[in-house]
Structures are given as C-alpha cells and as structure tokens.
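Each reported figure results from applying straightforward, stated rules to the coordinates on display, with no laboratory input. Only a predicted model underlies this, so the values are computations on that prediction, with no experimental measurement involved. Every residue, glycine as well, gets a Cβ built from its backbone with ideal geometry; the counts of neighbours run over all protein chains shown.
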Amino acid sequence: MDVNAQDTALVITDPQNDFLSESGVTWELVGDSVKENGTVEHLEQLFKAAKANAFDVFISPHYYYPTDHGWKFGGTVENLMHEIHMFDRSGPLNMDGFKGSGADWLDVLSQYIDDGKTIIASPHKVYGPESNDLALQLRKRGKSKVILGGMSANLCVEAHLRELLEQGFEVTVVKDATAGARHPDLGDGYLAALANFGYLANGVITAEEAVKAMQG
C-alpha cells in the first residue's frame, strides 16, 4: 500500500481506559497481550508519526449510554461488555463523569486525541463501524487508505478491517499496535486475529514499519 498524507489516514479503535489501563475492566483478560505487544507504546509511536508528518488521525470510539442497556439480546462478549459496564457514559449529550472513566482516552494518548485536529467519529456500538460515521468522515477528507490499530484485535480492529475493505478502502493493520483477550475457554483473541489479518488486509506491518512509511 502506497502511504501518503493526501489519501492515507491513521485510524485507531477504542484507545480507551477499559482496554488499555491497568485499572480498566478488561485488564485481567487483555493485560498480558497489551504488555507483550507493547501496544500502548506502539500506539503512541503511531500518533507521534502521524502528527509530525501531517497525516489525518481518526478515532472510532466505543461508548454505551444508559438506553443501550435496554437491548434485548447480544453476543458473548457484547453481553459481557454490558454486564461489566464497559465504556459506559452518562448520556450522548453530556460528558458527566467521563474524565478518567473507563470510556475516557488512555491518559498518555489523550494529548494527541484532544489536540483539536483529530477526527473523533461517533461511537460504534458492537464491533464494526457500520453504526458510526467513520467511513463518511474518511471519504469527506479524501481518504481511500487506512493504517489501522487499536483495541481489540479480534473484535473491533478485525471488524473495522472487514467493513472498511467492503467499503472499498485499502487497509494495512499494525499488528503490534493492538492486542487481544485471553480466555481459558474462548482462546487467544490476538492469535486468532493475526491469522485473519494476514488473509484479509492489504498489509500487516509493525509500528516501526508504519512510522517509516509515514515518514516517507
């Protein structure tokens, strides 16, 4: 994939405390993978490189509002997220209780996200961007290629990869800027995602390779 600031964007899914902070509600499941991959450090490298080289940065966040807890059904992890109040916010039209919550950005990344230039899409609600405006925001800025990272590998990252490909975007995944849950019955989500990244994406690279590509 030819990377350039004119038609290529950095897209990060769910750079939020509930996934990336040791105090997050999923840390017991994802923490080992996050630490082994150096996910936080690699995400920061991507943000720095994108900002330094005039690449537009897009965030696809995951939020749940009180009314979302009235859903009548859901999948395995979807139900779990509701049960543990993952990504909860007090409502769509206010920020009460947001700062420092599980839904907030990881503190070390917030300086890049809250700089007034990063495009924050409306929230996705299950895993993929079908329910938010990410594709619209990308197209409105002339972007046809995506460098993709964030959380978590086999859920939101893979779902974004699949939908963006279906929408006609070229997508390269940064494999060490993500991580996945490990569960005794469900398995290793990161390893499952790596196999699918290889089958699906236009490229699967490291953060170091992504930084070099953005630097030209």
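Here are the numbers for the structure shown:
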quantity: Calculated diffusion of the chain, Stokes-Einstein form, Kirkwood radius summed over Cα pairs, 37 °C and 0.692 mPa s, µm²/s; calculated: 192
quantity: Assigned charges on the beta-carbon of Lys, Arg, Asp, Glu; the stretch 117-164 dipole about Cα centre (debye); calculated: 320
quantity: Top of A49, A135, A195 by mean-square fluctuation, Gaussian network on the chain, Cα under 10 Å; calculated: A195
quantity: Net length gained if the chain between D115 and N4 were fully extended (0.36 nm per residue, minus Cα distance); calculated: 37.8 nm
quantity: Radius 15 Å from Cβ of A49, net charge of other residues (Lys, Arg +1; Asp, Glu -1); calculated: -3
quantity: Two-decimal Rg/Rh across the stretch 94-216, once Rg and the Kirkwood Rh are taken from alpha-carbon atoms; calculated: 0.96
quantity: Size of charge dipole - the chain - debye, nearest 20, with Cβ of Lys, Arg +1 and Asp, Glu -1, no other charges; calculated: 660
quantity: Choice from P15, P184, P123 showing the highest fluctuation, given a GNM over the chain with Cα pairs closer than 10 Å; calculated: P184
quantity: For the chain, built as a Gaussian network whose Cα springs stay under 10 Å, the top-fluctuating residue of M81, M151, M95; calculated: M95
quantity: Mean separation of Cα contacts under 8 Å (6+ apart) over length of the chain, as relative contact order %; calculated: 29
quantity: Farthest positive-ward along the stretch 8-215 dipole, Cα basis, beta-carbon charges - from Q137, G149, F98; calculated: Q137
quantity: Under 23 Å from K51, Cα to Cα: lysines that are on another chain or at least 8 residues apart; calculated: K117, K140, K143, K145, K175, K212
quantity: Net charge of Cβ neighbours under 11 Å - reference S21; Lys, Arg +1; Asp, Glu -1; calculated: -4
